[in-house]
Amino acid sequence: MISRPKGTNDLLPTESQKFVKLTNFTHKFMKKYNVEFIRTPIFESYELFHRNGELSDMVTKETYDFLDRANRKLTLRPEGTAGIVRSYVENKIFSPGHFSSYYYIGPFFRYERPQKNRYREFYQIGAELIGNKHFTQDAELISMAYNFLKGIGIEDFKLKINYLGNHEELSKFKIDLSNYLKPLKESLSKESQLRIEKNPLRILDSKSETDRKLLINAPKTLDYISQKQAKEFQQTLKILDKKHISYEIDHTLVRGIDYYSEIVFEFQTSELNSSSHNAVGGGGRYNDLVNELGGPKVSGVGFAFGVERLLNLKNSLNSLPENIDIFLTYIDDVDSLDSYIIFSNLRMKNFKVYFGYKSNTLKTEIKNALGLGSKYLLIFDSKTSGKGIVQVRNLQQHSQVELKYEELDAYLRENLEVKK
Ligand code: AMP
């Protein structure tokens, strides 16, 4: 037997139904926000992710890099933003004053140690707003992500926000942070010790309890930002307050990828039951990436949610019915033809129908129909079908009527909200 590669998943029915609900919800939700769907390649040039200055673990340790048969160096995408910005620049989908907003759904790849909620192939749903910068966009994007979670039924989460500043302020901050940590080096966790020189920012979000205690008096990025930035940040928070979006400022929040500047945020939930991967999603602003990849000097802000984690949350998508309305079954084989033809006709007329292919006992079929959320059960029985009559059972009201085949369409349309 050949098994699936370590860290990958098969999406099987029941879970796949939830996935379909989630993607359907996403398309509808994004339309409301006027965000457009974009799809970019799953593999990109190696250089897109391995840019100068990208020191994150994700890029240095976790990418799947390979040579194709013509020796091109390629990388399976570990995240969505770089590919979208590459596409934005390459296709020149910008013009002065034009603002672009995109969303995506797709697989991403990171060579991480697989465990529950952490896989080597996982899906993300994300959005990016790219164009001239304004603090209302930060607020718009964060509230969009917040409403997305609420929209799929998740209530139990925390929104954490931090403000990193720009390249210069961050460089200064990193030096001070490094200097603060050096005398404490021996007491820090092994992982953090290795990061003091090269990537001290990541020590801030260390999960080690000892590290966290040692960080209590560490410098804070907010003390390094300009007055203008501080004001913009306050404006963004003010909008969130006005929209009753609750958040916490977390001075230790830095994101796994180095291109972030200014605002960063993360949605965390205790339900995932693991301190190191309790994030369902996050994002932030990137001021230099578009220009770095050859585009104009515009900024972007984006978020991404981990689909597997969203699907694993117990309340996600429970209240979004994608059920069927009508279940068809037959008692005797002679009626299978009639019932199948009527099923096909109803489907063509946009009813949400399901055909029970082989007649089980009526009791089992009622159970199956209820399991699929059906409101009506149509029973084809040779006692009446010869006269072109079908039994229509209302499963919610436990009542039953007999209808002629030609009366079915109007009756069901009247009782169910179905658009022609
Ligand atoms: P990141 O870009 O690392 O912040 O990822 C955004 C979201 O994607 C995270 O909050 C997770 O929900 C999800 N995610 C990231 N890495 C993985 C992984 N290896 N396995 C499953 N989900 C992941």
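The values are calculated or read from the model by the stated rules, or taken from the named source; none is laboratory data. Here the structure is a predicted model, which is why all the values come from computation and not from measurement. Virtual Cβ from ideal backbone geometry, glycine too; neighbours counted across all protein chains shown. Side chains included, ligands, DNA and RNA excluded: accessible areas come from the protein's heavy atoms. Shrake-Rupley method; radii C 1.70, N 1.55, O 1.52, S 1.80 Å.
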**OP:** Might you let me know whether the range 346-354 holds any residue that is more than 16 Å from LEU403 (Cβ to Cβ) and in a helix (DSSP H, G or I)?
**Re:** yes
Original post:
What is the residue count in the range 356-380 for residues that are open to solvent by less than 10 Å² (accessible area, probe 1.4 Å), among the hydrophobic types (A, V, I, L, M, F, W, C) and either within 24 Å of ASN318 (Cα to Cα) or assigned to a loop (DSSP other than H, G, I, E, B) (or both)?
Top reply: 2
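Taking the conditions exactly as written (open to solvent by 20 Å² or more (accessible area, probe 1.4 Å), among the hydrophobic types (A, V, I, L, M, F, W, C) and not in a loop (DSSP other than H, G, I, E, B)), does LEU177 satisfy them or not?
On the way: open to solvent by 20 Å² or more (accessible area, probe 1.4 Å): no; among the hydrophobic types (A, V, I, L, M, F, W, C): yes; not in a loop (DSSP other than H, G, I, E, B): yes.
No, not satisfied.
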Original post:
Limited to the range 180-206, what total is found for residues that are surrounded by 13 or more Cβ atoms within 10 Å (Cβ to Cβ), charged (D, E, K, R) and not in a helix (DSSP H, G or I)?
Top reply: 1
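For the range 1-95, which fully contained strands (runs of 3 or more DSSP E) count at least 2 residues that are without any contact (Cβ under 8 Å) to a residue 24 or more places away in the chain?
On the way: elements: 43-45, 64-67, 73-76.
Those strands (runs of 3 or more DSSP E) span 64-67.
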Subject >> Single residue of the range 102-145 satisfying the filter (among the hydroxyl-bearing types (Ser, Thr, Tyr) and either open to solvent by less than 10 Å² (accessible area, probe 1.4 Å) or more than 16 Å from the chain's Cα centre (by Cα) (or both)) that is farthest from PHE233 (Cα to Cα) >> reply: TYR111
Original post:
Which condition number in (1) touching a residue at least 12 places away in the same chain (Cβ under 8 Å); (2) farther than 30 Å from SER270 by Cβ is the one that MET348 fails?
Top reply: (1)
Original post:
Among the residues of the range 223-241, how many are open to solvent by 50 Å² or more (accessible area, probe 1.4 Å) and among the acidic types (Asp, Glu)?
Top reply: 2
Original post:
Residues LYS190, LYS172, LYS185, LYS198: which one is within 35 Å of the chain's Cα centre (by Cα) and free of Cβ contacts under 8 Å to residues at least 12 places away in the same chain?
Top reply: LYS190
Original post:
Looking at GLY302, GLY283, GLY306, GLY294, which one is small (Gly, Ala, Ser) and surrounded by fewer than 18 Cβ atoms within 10 Å (Cβ to Cβ)?
Top reply: GLY294
